Amino acid sequence: MSRIGQRPIDVPQGVSVSIEENEVTVSEPKGELRRRLHPDMSITRENDTLIVSRPSDGRQHRSMHGLTRTLLANMVEGVTKGFEKTLEIVGVGYRAQKVEDKLVINIGFSHTVEVTPLPGVSLDIEGANRMKVTGIDKEVVGEMAARIRAIRPPDAYKGKGIRYAGELVRLKAGKAGKAIGRA
C-alpha cells in the first residue's frame, strides 16, 4: 500500500482547484498551474482536502498513486508558497550580474555566458556570487537551476564552479609527489 498516496492534500483558503477528468488546474493569486495526470487515478475533493485513489493494487497503479499525490501536493504548494533554489559561484574572479531579466555569468571562459530564464521562472542575484531561481512550478525551477549549474559544474580538484547552496563537493587529492615536494 502506498503510504504517500494515501495522505490527503490540504487545500488552503483562496486556492481554487478544478478537476475535469484527468486534468487538474490549481490557481491562486501567485499564478495558475495545469497538469494532465494519469487517467486511471481518481482525484476527489472533500471539503478542503484532495484525495487520490487507485483502481487496483497492480504494480503500475501502485507506482502512479504516490506520484500523482506528490505532483498535486507540489502544485498546491507552488501556488501558495512557491519554490526556490539557490546557487553559489565559487572561484576567484567568477561572478554573476543581472541585465534586464537575463543573467550574465563570468565563469572563467573567454566569453561571458548569458542565461535566459524559462517561462514562469525569475532569476535574482544576491551579492556577486549567489543566484536565486524562483517560481511556482517545482519541475521548471529545478530544470532552470540544473541548466545554470551545468554551465560549469564544480571542479573535482579545486572545487571551482557553480554549485547548489549547501552542496558538498568532494575534492580529489592532487599528485602525491607534488604534495611531498619531490620533483
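The dipole here belongs to the range 83-164: it is taken about the Cα centre, uses +1 on the Cβ of Lys and Arg and -1 on the Cβ of Asp and Glu, and is about 380 debye. Note the angle between two axes, namely the Cα long axis of helix 138-151 and the longest principal axis of the Cα atoms of the chain, as a number of degrees from 0 to 90, rounded to the nearest 10. Approximately 20 degrees, to the nearest ten. Ordering V141, L37, S56 by Cα displacement along the dipole of the chain toward the positive end leaves V141 in first place; charges were set at the Cβ atoms of Lys, Arg (+1) and Asp, Glu (-1).
For a modelled paramagnetic label at D10, 7 Å from Cα along Cα-to-Cβ, no residue of the range 104-143 is in reach, as no backbone nitrogen comes under 19 Å.
Compared with the dominant principal axis of the Cα atoms in the chain, helix 59-80 is inclined by about 80°. When the charge dipole of the chain is built from unit charges on Cβ atoms (+1 for Lys and Arg, -1 for Asp and Glu) and taken about the Cα centre, the candidate among T70, S122, A156 whose Cα reaches farthest toward its positive end is A156. Taking every DSSP helix (H) stretch of at least 4 residues in the chain, weighting each as -39,500 (n - 2.57) and dividing the sum by the residue count yields a mean residue ellipticity at 222 nm of -7500 deg cm²/dmol. Note on the range 3-80: with charges restricted to the Cβ of Lys and Arg (+1) and Asp and Glu (-1), its dipole about the Cα centre is near 380 debye. Cβ-to-Cβ counts within 10 Å put D137, D10 in ascending order as D10, D137, the fewest first.
Can you compute the FRET efficiency between S110 and L168 using 1/(1 + (r/R0)^6), with r the Cβ-Cβ distance and R0 = 30 Å? Round to the nearest 0.05. That gives a FRET efficiency of 0.50. Ordering R130, R163 by the number of other Cβ atoms within 10 Å of each residue's own Cβ, fewest first, gives R130, R163.
Can you sort S16, S110, S27 so the residue with the fewest Cβ neighbours within 10 Å comes first? All intermediate terms of the calculation are to be shown ahead of the outcome.
On the way: S16 11, S110 4, S27 16.
Least to most surrounded, the residues fall as S110, S16, S27.
Computed from label points 7 Å out along Cα-Cβ, the spacing between E20 and N47 is 2.9 nm.
Of the options (1) 21.9, 75; (2) 15.6, 49; (3) 15.9, 54, only one is Rg and Dmax of the Cα atoms in Å as computed from these coordinates, and that is (1).
Rounded to the nearest 20, the Cβ-based charge dipole of the chain about its Cα centre (Lys and Arg +1, Asp and Glu -1) stands at 1500 debye.
Read-outs throughout are calculated quantities, based only on the coordinates presented, and are distinct from any laboratory measurement. Since we're looking at a predicted model, the values are computed, not measured. Cβ atoms come from the backbone with ideal geometry, glycine included; neighbour counts cover every protein chain shown.
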